[in-house]
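This report concerns only the one structure given below.
The values are calculated or read from the model by the stated rules, or taken from the named source; none is laboratory data. Nothing here was measured: the structure is a model prediction, and the numbers come from that model. Here the Cβ positions follow ideal geometry from the backbone for every residue, glycine too, while neighbour counts run over all protein chains shown. Quick note on the areas: whole protein, heavy atoms, side chains included, nothing else; ligands and nucleic acids left out. Shrake-Rupley method; radii C 1.70, N 1.55, O 1.52, S 1.80 Å.
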Amino acid sequence: MKAAVIESAGLAPRYGEFPEPETSEDRELVSLVAAGIHPVVRALAAGSHYGSHGLWPAIPGVDAVARTDDGTLIYTGFIAAPYGTLAERMAVPHAPRLPLPTGADPVQVAGGMNPGLSSWMPLNARRDETGSLGTVLVLGATGTAGILAVQNAFVLGVTRVIGAGRDPERLAAATAFGAETLRLTGDRAADATAIRSALGDGSPSVVLDFVWGEPAEATFDALLRHSLDEDEGDTAYVEIGSLAGAEASVPAALLRSTRIRLTGSGAGSASMAELMRQLPVYLDLIATGAVRVPTSSYALSSIEDAWSAASNAGTRAVVVPD
């Protein structure tokens, strides 16, 4: 079959032949309809992700909309390595297996489920914990996941969203979805001052961090309190991505002076049971247009162009059959 094939870690995929996947009692053969090239897909292919399997050659891709033998469109994933979803066919488990709602756009679903759930899960958990969402700060609001985080927060009844990022044109998209925005400069002191000013006197209920690195350090500086009084705030800081750097220094004084909880959102830390509950919920949000996903479609045979375009943080590249 035809597929996007990566010969070894760090190489870009090429369009070529790959052996047919094998089915079993637990897996069925389905055909590609649409599959997104998410940052996690590129990181796994580079061998830099903590979940990289190290098997080569391999087909990249973690999730997809596919067509079953009876013509049903389903959202699926959990492909056994070295196979992935960027191929004409894939062997997928019988569960989870979510039929697409009538009228759902497969490209929107394939492009939006992975990045959207990365913020939907922690936001939903925080709302359940506290009863409501106050101010949400999104670091990396210029990317696809950041834009979806802004929309997710409003769907869940947030009071206020502050979106931070470096690209002013992409920040405009966050503004269009209702966020207040601030432009980061890369200067830690200046960024900390801007974040502190945007937050005002209060502290955010949630920080969704898609970038880590220096922007995270600037945010820590902005959140650090210079007082011995009890902190009346309560911040859940959720680390989701690391586009600005794999490491960030956390000041000891921040942890002692501020009521803050630092956690991550990703495969391994997220509850699989809760993920299974939220998958159909978020699928419906995309299907009904309650959240809109910025996407660009590419034929499987143009995988080189699609892979290159996937570095454009503001639009999710989605691969479709030829």
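Considering ASP167, ASP229, ASP128, which residue is over 23 Å from THR263 (Cβ atoms) and free of Cβ contacts under 8 Å to residues at least 12 places away in the same chain? Walk me through it before giving the result.
On the way: ASP167 fails: free of Cβ contacts under 8 Å to residues at least 12 places away in the same chain; ASP128 fails: over 23 Å from THR263 (Cβ atoms).
Matching residue, one of ASP167, ASP229, ASP128: ASP229.
Looking at ALA149 and the list (1) touching a strand residue (DSSP E or B) at 6+ places or on another chain (Cβ under 8 Å); (2) closer than 20 Å to GLY268 by Cα; (3) not β-branched (Val, Ile, Thr), which single condition is not satisfied?
It is condition (2) that ALA149 fails.
Given (1) touching a residue at least 24 places away in the same chain (Cβ under 8 Å); (2) on the phi < 0 side of the Ramachandran plot, identify the lone condition not met by GLY61.
(2)
Mind telling me which of the residues GLY84, GLY61, GLY51 ends up being assigned to a loop (DSSP other than H, G, I, E, B), out of contact with any Asp or Glu (no Cβ under 8 Å at 6 or more places or on another chain) and surrounded by fewer than 17 Cβ atoms within 10 Å (Cβ to Cβ)?
On the way: GLY84 fails: surrounded by fewer than 17 Cβ atoms within 10 Å (Cβ to Cβ); GLY61 fails: surrounded by fewer than 17 Cβ atoms within 10 Å (Cβ to Cβ).
One residue alone meets the criteria, GLY51.
Here are the criteria: (1) more than 28 Å from TRP307 (Cα to Cα); (2) touching a residue at least 40 places away in the same chain (Cβ under 8 Å); (3) part of a helix (DSSP H, G or I); (4) of a type in the set (A, V, I, L, M, F, W, C). Tell me which single one ILE162 does not satisfy.
Evaluating ILE162 over (1) more than 28 Å from TRP307 (Cα to Cα); (2) touching a residue at least 40 places away in the same chain (Cβ under 8 Å); (3) part of a helix (DSSP H, G or I); (4) of a type in the set (A, V, I, L, M, F, W, C) leaves (3) as the failure.
Look at the stretch 250-275 and say how many of its residues are open to solvent by 70 Å² or more (accessible area, probe 1.4 Å) and not basic (Lys, Arg). Write out each step before concluding.
Of all residues in the stretch 250-275, those open to solvent by 70 Å² or more (accessible area, probe 1.4 Å) come to 255-256, 259, 261-262, 267-269, 272.
Among the residues that remain, those that are also not basic (Lys, Arg) are: 255, 262, 267-269, 272.
Residues in the stretch 250-275 being open to solvent by 70 Å² or more (accessible area, probe 1.4 Å) and not basic (Lys, Arg): 6 in total.
Do you know which of the residues in the stretch 80-95 that are modelled with pLDDT under 95 and out of contact with any Phe, Trp or Tyr (no Cβ under 8 Å at 6 or more places or on another chain) is nearest to TRP307 (Cα to Cα)? Steps first, answer last, please.
Going through the stretch 80-95, the residues modelled with pLDDT under 95 turn out to be 80-81, 93-95.
Keeping just the survivors that are out of contact with any Phe, Trp or Tyr (no Cβ under 8 Å at 6 or more places or on another chain) gives 80-81, 94-95.
Values: ALA80: 21, ALA81: 19, HIS94: 29, ALA95: 29 Å.
Among residues in the stretch 80-95 that are modelled with pLDDT under 95 and out of contact with any Phe, Trp or Tyr (no Cβ under 8 Å at 6 or more places or on another chain), the one nearest to TRP307 (Cα to Cα) is ALA81.
Can you pull out every residue in the stretch 6-27 that is within 27 Å of the chain's Cα centre (by Cα), surrounded by fewer than 22 Cβ atoms within 10 Å (Cβ to Cβ) and assigned to a strand (DSSP E or B)?
Residues satisfying the conditions are ARG14, TYR15, ARG27.
Scan the stretch 289-322 for residues that are open to solvent by less than 20 Å² (accessible area, probe 1.4 Å) and either farther than 16 Å from ARG42 by Cβ or free of Cβ contacts under 8 Å to residues at least 40 places away in the same chain (or both) and report the count.
3
Would you point out which residue out of ALA216, ALA190 is open to solvent by less than 20 Å² (accessible area, probe 1.4 Å), over 17 Å from GLY134 (Cα atoms) and at pLDDT 95 or above? Give the derivation first.
Working: ALA190 fails: open to solvent by less than 20 Å² (accessible area, probe 1.4 Å).
Unique residue meeting the criteria: ALA216.
VAL41 passes all but one of (1) in contact with a helix residue (DSSP H, G or I) (Cβ under 9 Å, 6 or more places away or on another chain); (2) crowded, with 19+ Cβ neighbours inside 10 Å; (3) part of a strand (DSSP E or B); which number fails?
(3)
Has the stretch 149-159 got any residue that is at pLDDT below 95 and under 30 Å from ALA4 (Cα atoms)? Please lay out each step first, then the result.
Step one: list which residues in the stretch 149-159 are at pLDDT below 95, which gives 159.
In the following step, the residues that additionally are under 30 Å from ALA4 (Cα atoms) were identified as none.
For the stretch 149-159, residues at pLDDT below 95 and under 30 Å from ALA4 (Cα atoms): absent.
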